[in-house]
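Everything below concerns the one structure shown next.
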Amino acid sequence: MGEFELIERLFRIPAAALAERRPGVLLGIGDDCALLDAGPLAVSTDMLIEGRHFFPDVDPAALGHKSLAVNLSDLAAMGAEPLAFTLALALPAERARDLAWCEAFAGGMLALAAGHGCALVGGDTTAGPLTISITVFGRVAPALAPRRDGARIGDDLWITGTIGDAALALEQLFAARGQGGAGVTKADSSAGGTDTDAVGASPDAGPAAIPTRHRLERPTPRCALGRRLPGLATSAIDISDGLAGDLGHVLAASGVDAVIDLDRLPLSPVLLALAPDARWRHALAGGDDYELCFTAPVAARDAVLAAAAVAATPIARAGSITARAGDRPAICWRRGDAPVALALRGFDHFA
Ligand SMILES: Nc1ncnc2c1ncn2[C@@H]1O[C@H](COP(=O)(O)OP(=O)(O)O)[C@@H](O)[C@H]1O
Ligand SMILES: Cc1ncc(C[n+]2csc(CCOP(=O)(O)OP(=O)(O)O)c2C)c(N)n1
Ligand SMILES: [Mg+2]
C-alpha cells in the first residue's frame, strides 16, 4: 500500500464520520489545512518515540490509545473540552506493510477519539523511525483555565485516580525482558531506592502477569473531570513525569510550596503492598501516570467532590499549598505529623 492509500484507509475514511458531525470542525482530512471555527482554543503537542516512550513490541491498539490519551490529558489539565487533533506519523517501511498492525494502531487511537468527540482533522505521514506526534485542540474559556501559576497559599491539593502503577509496570516489564530499568524511574532517595519490588509479577512470570500493565499502556485521560475544573481549580497539571517533578512546576510558577501527606496519596493495593521506599519512588518519581494534580480553595471542597462524582472520577485530597519557605520551590513530605526526607526527581529526558 502506498502513502496515500494508507492515509485513506487508516485515517481519512474511519475519521470522516466524527469530523463531519463535530461542531467547530469545518473541514477535516484531505486538503492543505483543516478548517476550525471554535473560538479560543487550548493547543498542546506531545510526541512518542519507539524505545523511549514504548517498547517496539507493544500492542499496537494500546499504542494508538496511549498516543492520543497523553495529549487529551494535557487538555484535561487545562480545563479544555477536546475538539480535534492532528497526527504526524513516521512509520518504518516494514510496519507500513503490516496492515494488521497499522489497522490496530489507528483503531485504538480512533476509538479513544470517538469516545471524547475529538476529531482527527489532519496530519502528516512519512517513512522513518516509529514516531507519533499529536497536536490536540480543545475549547476552554481562557480566563477560567486552571494554569500552573494559580495555586494559592491554603489551597487544597487534589490528585485523581491512583499514581505509581505505570512506573511499577514499567519496572516489571524491564525486568521480564531481562533489561535493567536504569534511568527509567529516576530517584535519588535518601530513604534508599535500590529495593526490589515485593509483590506483583516476578521477573520470570513474564509480561502477561504484570498486574498494573494496563495503567502503563492504556492510561485514562481525565477529561470528564478536567472540563469541570474551570472556575473551580486555581491551578492544574497532568502528571506525566511523576508527582514530585510535575507539582514542582506548579509550585515554581505559583511562587509557593506544598505539604503532602504520603499516607493520603491515592495508591492502588499493588503499590500499598510495596516496601515504603519502592512505593514512594514509583508513586512520586516514576511518571506515565496521566492523572491530574490540581489545587482548589478549601471553600470549594464540596464542589470539587461533587464535580468528581458527576465525572465518575476518583479523587483524593493529599495535601495543601503553603508559603514559599526558601529560594526554591519545596514539597514537604509527611506521614501524619512526621516529616519524611525524600529526595526525588521527576522524569527528565536529558538528566
Ligand atoms: N520544542 C518546543 N518548542 C516550544 N515549546 C515547547 C517545546 N517543548 C516543550 N515546549 C513547551 O514547554 C512547556 C513544558 O513542556 P512539557 O514539560 O512537555 O509539558 P507537558 O508535560 O504538559 O507535555 C509547554 O508549555 C510546552 O508547550
Ligand atoms: C520503553 C519505555 N521506557 C521508558 C518509559 C518511561 N517514560 C518515558 S517518557 C516518560 C515521561 C513522560 O514523557 P514526556 O515525553 O516527558 O511527556 P510530557 O511530560 O511532555 O507529557 C516516562 C516516564 C516508557 N514509558 N517506556
Ligand atoms: Mg510535553
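The values are calculated or read from the model by the stated rules, or taken from the named source; none is laboratory data. If you're wondering where the values come from, they're calculated on a predicted model, not measured in any experiment. Cβ coordinates were reconstructed from backbone atoms using ideal geometry, including for glycine residues, and neighbour counts include every protein chain displayed. Each accessible area value is taken on the protein alone, full model and side chains, heavy atoms only, with ligands, DNA and RNA left out. Shrake-Rupley method; radii C 1.70, N 1.55, O 1.52, S 1.80 Å.
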### Query
With 145, 111 as the choices, which residue is under 30 Å from residue 248 (Cα atoms), open to solvent by 10 Å² or more (accessible area, probe 1.4 Å) and touching a residue at least 12 places away in the same chain (Cβ under 8 Å)?
145
#### Entry: Within region 37-63, considering residues that are more than 13 Å from ligand 2 (Cβ to nearest atom) and open to solvent by less than 60 Å² (accessible area, probe 1.4 Å), the one farthest from residue 23 (Cα to Cα)
60
#### Entry: Single condition residue 27 does not satisfy, out of (1) in contact with a helix residue (DSSP H, G or I) (Cβ under 7 Å, 6 or more places away or on another chain); (2) surrounded by 15 or more Cβ atoms within 10 Å (Cβ to Cβ)
(1)
#### Entry: Options 293, 332: the member that is within 16 Å of ligand 1 (Cβ to nearest atom), modelled with pLDDT of 95 or more and in a strand (DSSP E or B)
293
### Tabulated pairs, region 211-232, first assigned by TED's automatic domain parsing to the domain that holds residue 164, second among the acidic types (Asp, Glu), C-beta under 7 angstrom, 6+ apart or interchain
212/165; 215/165; 216/288; 217/59; 222/291; 227/81
## Note on the structure
Pairs returned, first residue in region 11-24 that is of a type outside the set (S, T, N, Q), second residue that is in a loop (DSSP other than H, G, I, E, B), beta-carbon separation under 7 angstrom, 6 or more apart or interchain, are 12/30; 15/28; 16/28; 19/28; 22/117; 24/37; 24/38
### Message
Just to be sure before I move on: is residue 67 open to solvent by less than 20 Å² (accessible area, probe 1.4 Å), in contact with an Asp or Glu (Cβ under 7 Å, 6 or more places away or on another chain) and closer than 30 Å to residue 210 by Cα in the structure I sent?
### Response
no
### Query
Quick one: in region 4-24, which of the residues that are open to solvent by less than 30 Å² (accessible area, probe 1.4 Å) and more than 13 Å from residue 118 (Cβ to Cβ) is modelled with the lowest pLDDT?
6
### Query
Of the residues that sit in region 321-351 and are free of Cβ contacts under 8 Å to residues at least 24 places away in the same chain and either closer than 16 Å to residue 263 by Cβ or not assigned by TED's automatic domain parsing to the domain that holds residue 294 (or both), which one is nearest to ligand 3 (Cβ to nearest atom)?
350
## Note on the structure
Within region 50-91, of all residues that are in a loop (DSSP other than H, G, I, E, B) and farther than 25 Å from residue 170 by Cα, the one nearest to ligand 1 (Cβ to nearest atom) is 78
#### Entry: Restricting region 297-325 to residues that are closer than 20 Å to residue 243 by Cβ and not in a strand (DSSP E or B), the residue that is most open to solvent (accessible area, probe 1.4 Å)
325
### Task
Could you identify the single residue in 74, 46 that is in contact with a helix residue (DSSP H, G or I) (Cβ under 6 Å, 6 or more places away or on another chain) and within 16 Å of ligand 3 (Cβ to nearest atom)?
46
